[in-house]
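Okay, structure first, notes after.
A short reminder: the numbers here are calculations on the coordinates, not readings from a lab. This structure is a prediction, so every number in the text was calculated from the model and none was measured. Reconstructed Cβ throughout: ideal geometry from the backbone, glycine too, with neighbour counts over all protein chains shown.
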There are 2 protein chains.
Amino acid sequence: MTRVAVVGAGMSRFGTRPETLRALFREAFDECLATVDKGVAVEDIGEAYVGSVGFGGLQLGNLSALLAHEIGAAGVPARRVENACASSGFAFRDAVAAVRSGACDLALAAGVEKMNDVSGLHQRYWLGVSGETEWERLAGLTFPGVYALLAQRHMIEYGTTREDLAAVAVKNHANGAKNPKAQFQREITPQQALAAPMVADPLGLFDCCSTTDGAACVLVAGEDLARRLTDAPVWVAGAGAASDRLAAHERPSLTRLDATERAARVAYAQAGVGPQDVDVAEVHDCFTIAEILAVEDLGFVPKGEGGPWTAEGRSRIGGDVAVNPSGGLKAKGHPLGATGAGQIRELFLQIRGEAGPRQAADAEVALAHNVGGSGATCAVHVLTKEVPA
Amino acid sequence: MTRVAVVGAGMSRFGTRPETLRALFREAFDECLATVDKGVAVEDIGEAYVGSVGFGGLQLGNLSALLAHEIGAAGVPARRVENACASSGFAFRDAVAAVRSGACDLALAAGVEKMNDVSGLHQRYWLGVSGETEWERLAGLTFPGVYALLAQRHMIEYGTTREDLAAVAVKNHANGAKNPKAQFQREITPQQALAAPMVADPLGLFDCCSTTDGAACVLVAGEDLARRLTDAPVWVAGAGAASDRLAAHERPSLTRLDATERAARVAYAQAGVGPQDVDVAEVHDCFTIAEILAVEDLGFVPKGEGGPWTAEGRSRIGGDVAVNPSGGLKAKGHPLGATGAGQIRELFLQIRGEAGPRQAADAEVALAHNVGGSGATCAVHVLTKEVPA
């Protein structure tokens, strides 16, 4: 099978951005191009995969062609990949498959979202539809509500505390404070997190990710081209993905996401590594409980121990695994369709040792974990510094 | 490169269908499974690609996981592919790439749309957004309007007549009358077409495709598996795709779709065939002028001669190339996201000689042509009876 590497990656600053969807995409793409050490021509892009959920307040259809045109790649085969908040995790997956398939040597995986300049009602609607409709959304159960249920159950089964949840937020804000692209570049204290207004018990304001505008772009290439484009390719060693039932009540357990477990199993097996080998990970912390589930389901820590493990600082930069050094969805921000590609961009920097003050030491094996809905879709990728076997 | 074949294909009846989105998808999938001669297990599906534009009146998010669950494939990596009316043409493209990449041996490419049970306003909105927004949609130019401009220009440059346009509708209705899955199973006369109410001059009611509910599913497999699953695999010999500028005024010509030309060039080259070799084609006749542009841009006939060529009956079943033997978007119906997969299903039957009263004689080379917007995205596939070189 053709080996595939990430050869460039960029993102816009995440946050409240008054610029247009196109401008944000352009900002991410320009940075992505600039990171390709030896230069690359836009014309060499053979396929484009664009993740987006709301495509600009549901206003800009045929988005993939629109954005291909915007970056000077009109003509390239392009499509939108939509899988709720896992959209660009799957866009990345499909871009990797395109290169492996021989369809092209160089593919663009990207994501973009504008969330702040659509009306609240509209936004709640198109955010909400990514959840299960019949049993959850139409009954009034929003995403904070669903994740609150998972958190409550985790507390009952494993004794996880609100302080454990707060530890996730505190860590990720500390990391975000070191990320000039993050939406929230400030630290918070456990007391602030615990005293914040309640959103859906036990999840307070700081247990929830934010409303974010942003874009991220990644270029993947086949081995031969990758070696011509850069001296520091970041290899895609494993690519796993899975789906699951949408409704929480139809799943066997509320304290794990089966899609994460399945996707991780495939990604680890392909890469020939295990969770103990992972140095740095970007996981889908749409809510603090989601990071605790993730570090357990990905095997970093046994089921039920994610809370204390986090509270002990084991997932800080410098800990056992640096989890969400970018600040994660919590502090970096969560522009739905851009999140998966943004995770890859962070790990690209980490593996290359270019993450500055938030660099994880000796980052050689990295993992990206992108979830759609409350676990209905999931993509997991293992990236490595060493060439895969 | 791994050879890939279509091993099964099914569709729901297209039309005004009161059933749920899930039920329509199930209907298509069940037929698809039943067409796999030697049987196949749902569990063997390794990836799923679901094309849909409006996912049930924009109500059922995380659609790919929802539908994977519906067909008993919960867990399978699934994603929605959205490229306006070319959504499932690209879903098929990406499913083929998945198999070629080694990600799986068996992939599902599908599409589904419910259009009749959403409000008119809502429908016009989510149909309209697939067009160019800044210069066309917000100025009031709907899709009939855009295609009317293309038709007007074709008339000016090449002398194409309303009678030529009507010949497309008459032919496709005659074909649809032989298709028990078509939305309109009745013939029309040229007089009826010409006397119908004007929608956007020169396009009358019968120059426009309809509002349709429906679903279509296709299974593609790698060569070894394909040979175990069926004695009559339909080979994917060529897969081309392209994008283009969304706005008609930004393109060099109004009388051709560059995306069609580019996509066809790649597909023909991969398949080692030319337009003269094509026996049967399903082309994207969202409007009658679109079929005329398609038969020219695909090279069946020189530019400008598509109208008279059609009026002379050269694209009838039994003519030079049987174009839209299914009835096309015009008579079979156009459930946006399901159209591309529905085209593949028709050609699967044609290549296997199973198309009954609408069978094209000696169909050995077939072409599917699926367009998004007014040509901003396009996927072209060449399917063959003979194993590709």
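Here are some notes:
- Fully extended contour minus Cα-Cα distance, from residue B:362 to residue B:19, at 0.36 nm per residue: 119.8 nm
- Calculated translational diffusion coefficient of the range A:346-389 (20 °C, 1.002 mPa s; Stokes-Einstein with Kirkwood radius over alpha-carbon pairs) equals 184 µm²/s.
- Among A:38, A:114, A:181: highest mean-square fluctuation, GNM of chain A, C-alpha pairs under 10 Å: A:38
- Shape call, the range A:107-199: gyration tensor on alpha carbons, a/c limit 1.5: oblate
- Simple label model, 7 Å out from Cα along Cβ direction - residue B:265 to residue B:41, nm: 4.6
- q = 0.13 Å⁻¹: log10 I(q)/I(0) that the Debye formula gives for chain A, counting C-alpha atoms only: -0.96
- The alpha carbon centroids of the range A:227-246 and the range B:278-301 are separated by 39 Å.
- Residue order for B:329, B:205, B:293, fewest other beta carbons within 10 angstrom first, comes to B:205, B:293, B:329.
- Residue exposure sequence - A:362, B:320 - by fewest surrounding Cβ within 10 Å: A:362, B:320
- For the axis carrying chain A to chain B: nearest C-beta residue of A, whole Å: A:101, 2
- When you restrict to C-alpha pairs under 8 Å that are six or more residues apart and normalise by the size of the range B:114-209, the relative contact order lands at 23 percent.
- Using a 7 Å Cα-to-Cβ projection, residue A:265 label spacings across copies, nm, ascending: 4.6
- Grouping the Cα pair distances of the range B:1-160 into 10 Å bins from zero gives a pair-distance distribution of 10, 33, 29, 18, 9, 1 percent in increasing distance order.
- Averaged over peptide A:65-78, the number of partner chain Cβ atoms lying within 10 Å of each residue's Cβ comes to 6.
- Among A:152, A:191, A:359: highest mean-square fluctuation, GNM of chain A, C-alpha pairs under 10 Å: A:191
- Position residue B:302, label points 7 Å along Cα→Cβ, spacing to each other copy in nm (shortest first, one decimal): 8.0
- Here the alpha carbons of the protein assembly as shown define both size measures, Rg and Dmax, at 25.3, 81 Å.
- Förster radius 30 Å - calculated FRET efficiency between residue B:195 and residue B:142 (Cβ-Cβ, nearest 0.05): 0.85
- Order of A:2, B:339 - criterion: other Cβ atoms within 10 Å of each residue's Cβ, fewest first: A:2, B:339
- Exam field: residue A:195 pseudo-label spacings to other copies (7 Å along Cα-Cβ), nanometres: 8.2
- Within the listed set A:91, A:376, A:215, the Gaussian network model of chain A (springs between alpha-carbon atoms below 10 Å) gives the highest mean-square fluctuation for A:376.
- The range A:364-389 and the range A:138-162 have Cα centres lying 25 Å from one another.
- Pairs exceeding a 29 Å alpha-carbon distance, out of A:114/A:385; B:181/B:385; B:178/B:385; B:303/B:332; B:38/B:330: A:114/A:385; B:38/B:330.
- Placing +1 on the Cβ of every Lys and Arg and -1 on the Cβ of every Asp and Glu, with no other charges, gives the protein assembly as shown a dipole of roughly 580 debye about its Cα centre.
- Partner chain coverage, peptide A:184-190 - average Cβ within 10 angstrom: 0
- Counting only other chain Cβ atoms within 10 Å of each residue's Cβ, the peptide A:96-105 averages 6.
- For the range B:281-359, the pair-distance distribution built from all alpha carbon pairs, in bins 5 Å wide starting at 0, is 3, 16, 26, 26, 17, 9, 1 percent.
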